[in-house]
Amino acid sequence: MKLAFSTLGVPGLPLSDVLGLATAHGYHGVELRAHPEEPVHPGLGPDERAEVAAEFKAAGVEPLGVAGYARVAAPGADEAVIAEVRGLLDLARDLGAPYVRVFPGGGTEQSAEEADAVAARRLGTAAEYAAELGVRILLETHDSHRTGADAMRVLGLVGHRQVGALWDVMHTWLGGEQPSDTYAALSPHLGYVQVKDIASAEDTTPLPLGTGVLPLTEVVDVLSRHGWEGWLCWEYEKRWYESAAPLPELLGQGREHLARLLTDAA
């Protein structure tokens, strides 16, 4: 498995510094938080996008994915959501990133069935464009669709190879789902896995990997047991928790912890 980290852990840090951290600490890739607060976002022009792609290539680091904020199950008209997803797909294509992350974002005023249908309709429409660009859309296990079983209700309706799943291990754990059950649900559609650690269900402040309660050993074990060879991406949510320790000083320990888990699982 390859290792990456998300720029959510280093808010606003210039890309050159991000890539320097990746190379210094042995990470193969970087997931880019695609928000206007960040150096890389859908508002970049063609020349800027080309510069970003060139920086990744020069550093020998892969752009794993564009982590967008489109909410595909959200109430309202389809057009704006689909346009947002298309913008993320364009950015990923221009950067050479294979994946775009979207959220479910279903509303409390919707039934589960309605939210599933809305998400599937929008993802199915966007999938055709994604296929043209050679980029996959990944629905993250998050918010209204926290578990693998939840995400599969949508993916089963879509039935398109360009739409898959992003497994956020914190949300499936918070949803009470065992790693073996999450993998069984998502394995036909799994793009990559976001790892992290927290103190408890009540305190989700990010911690160094291996110092909290999330079942990272079990996740890596089940992935290894099934011969999965994708990406593990450390999503350290520093942007939302200012009191959390700075990510750069934790990256070396985090890579070593994941390497140990992979070795033990093998």
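The values are calculated or read from the model by the stated rules, or taken from the named source; none is laboratory data. The structure displayed is predicted, hence computed values, not measured ones. Cβ coordinates were reconstructed from backbone atoms using ideal geometry, including for glycine residues, and neighbour counts include every protein chain displayed. For accessibility, only protein heavy atoms count, side chains too; no ligands or nucleic acids. Shrake-Rupley method; radii C 1.70, N 1.55, O 1.52, S 1.80 Å.
Quick one: with all protein chains in place, what share of the accessible area of the chain is carbon or sulfur, to the nearest percent (1.4 Å probe)? Can you show the working numbers first?
On the way: 5460 of 10750 Å².
Carbon and sulfur atoms account for 51 percent of the accessible area of the chain.
Dipole size in debye (nearest 20) for the stretch 45-113 around its Cα centre, Lys and Arg Cβ +1, Asp and Glu Cβ -1? Before the final figure, lay out each step's value.
Working: 6 positive and 12 negative charges, 39 e Å.
With only Lys, Arg, Asp and Glu charged at Cβ, the dipole is about 180 debye.
Taking amide H atoms as placed 1.01 Å from N in the peptide plane, list the residues 5 or more away in sequence, or in a different chain, whose amide H sits under 5 Å from that of Tyr192.
The list, which skips near neighbours in sequence, is Trp167.
Please report the net charge: other residues with Cβ closer than 10 Å to the Cβ of Arg49, K and R +1, D and E -1.
Details: positive: Arg93; negative: Asp47, Glu48, Glu51, Asp90, Asp94.
Summing Lys and Arg as +1 and Asp and Glu as -1 gives -4.
Expressed as a rounded percentage, what relative contact order does the stretch 149-208 have, with Cα pairs under 8 Å and six or more residues apart?
Once normalised by length, the contact order is 34 percent.
If amide hydrogens are placed 1.01 Å from N in the peptide plane, which non-local residues have theirs closer than 5 Å to the one on Arg33?
Those lying under 5 Å, H to H, from Arg33 are Thr7, Leu8, Ala67.
What percent does the relative contact order of the stretch 124-227 come to when contacts are Cα pairs within less than 8 Å and at least six residues apart?
Values: 165 pairs, mean separation 24.2, N = 104.
Answer for the stretch 124-227 is 23 percent.
May I ask you to order 105-115, 58-68 by the average number of other C-beta atoms within 10 Å around their residues, highest value first? If you can, show how the numbers build up before the last one.
Values: 105-115: 14.5, 58-68: 21.5.
Highest mean packing first, the order is 58-68, 105-115.
Taking each full run of DSSP H in the chain as one helix, which ones are at least 30 Å long along their axis (Cα atoms) and have mean Kyte-Doolittle hydropathy of at least -1.0? Numbers along the way, then the final one.
Values: long enough: 112-133 (31 Å, -0.04).
Those that pass (Cα extent of 30 Å or more, hydropathy at least -1.0) are 112-133.
Computed over the Cα atoms of the chain, what is the convex hull's projected area averaged over all directions, in nm²? If you can, show how the numbers build up before the last one.
Details: hull surface 51.9 nm².
Averaged projected area of the chain's Cα convex hull equals 13.0 nm².
About the Cα centre of the stretch 47-180, how large is the charge dipole given +1 on each Lys and Arg Cβ and -1 on each Asp and Glu Cβ? Please answer in debye to the nearest 20.
Numbers: 12 positive and 21 negative charges, 66 e Å.
In total the dipole reaches around 320 debye.
Under unit Cβ charges (Lys, Arg +1; Asp, Glu -1), what dipole magnitude, rounded to 20 debye, does the chain have relative to its Cα centre?
The dipole of the chain has a size of about 540 debye.
At 1.4 Å probe radius, can you tell me the per residue accessible area of the chain in Å²? Don't skip to the end; give the middle numbers.
Details: 10750 Å² over 266 residues.
On a per-residue basis, 40 Å².
Would you mind counting up the charge near Ala67? Only other residues with Cβ under 12 Å from its Cβ, with Lys and Arg at +1 and Asp and Glu at -1. Working shown, then result.
Values: positive: Arg33, Arg101, Arg239; negative: Glu31, Glu38, Glu140, Asp168, Glu235, Glu237.
Neighbour charge sum, excluding Ala67 itself: -3.
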